[in-house]
Amino acid sequence: MFGQLAAGNDLYSPAPRSGPGTPASLWQRLWAAGIDLLIAWLVILVPLLAFERIVLAGVGDEGATIWQLVAALWVLAFLLTYSPFSTHRWGRTPGKRVMGLKVVRLGSASRISYGRALIRHLANVGIGLVPVILIKNVTSIGTDAHRQGMHDRLARSTVIRTR
């Protein structure tokens, strides 16, 4: 409180609701997630479908089992790298970049660590698997002062606008 007064800020003025550095809206985050989901489907499915016919041509059950294992490992590798790596490295996924958003540590503008990005992502995946929790999470993002979902709170992060 005294820090705000010393900086010349009026305590009765509301915080800015839009512009760089302010919490991202629910709709911006949903659009970014949609873009990332489209990218994920393309990156995961296109190579698998392209190579499936080649790999499975003329192989028996053992070859099919190996192909299923390779496909599962490809999906797992993507899950553990796409969002966590890009969030840690650049502070955003491609979808968030398109929407002008960035993931930062709560209370600062610094990037989050890979560990926090991984926790955030895995929590988000888990939340998405349980519809009731997903609805609660979306509601939380829309109503929370920092517009944080459960996955943001776990990672002590928040999503802000960059433009």
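Values in this text are rule-based calculations from the coordinates and carry no lab data. Just so we're clear, the structure is a prediction, and the values are computed from it rather than from any experiment. So basically every Cβ, Gly included, is an ideal-geometry build from the backbone, and we count neighbours across all protein chains shown.
Listed values, structure above:
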read-out: Positions within region 87-118 being among the charged types (D, E, K, R) and surrounded by fewer than 18 Cβ atoms within 10 Å (Cβ to Cβ), in sequence order; value: R89, R97, R105
read-out: Cross-chain or 6+ apart pairs with Cβ under 7 Å, region 19-43 first and in contact (Cβ under 8 Å) with a residue 40 or more places away in the chain and of a type in the set (S, T, N, Q), then assigned to a loop (DSSP other than H, G, I, E, B) and surrounded by fewer than 17 Cβ atoms within 10 Å (Cβ to Cβ); value: T22/P16
read-out: Residues within region 21-72 that are exposed (fewer than 12 other Cβ atoms within 10 Å of the Cβ) and acidic (D, E), tallied; value: 2
read-out: Meets criteria (of a type in the set (V, I, T), closer than 23 Å to W27 by Cβ and either in contact (Cβ under 8 Å) with a residue 24 or more places away in the chain or not in a loop (DSSP other than H, G, I, E, B) (or both)) for T81; value: no
read-out: Residues located in region 112-163, provided they are part of a loop (DSSP other than H, G, I, E, B) and of a type in the set (S, T, N, Q); value: S113, Q148, T162
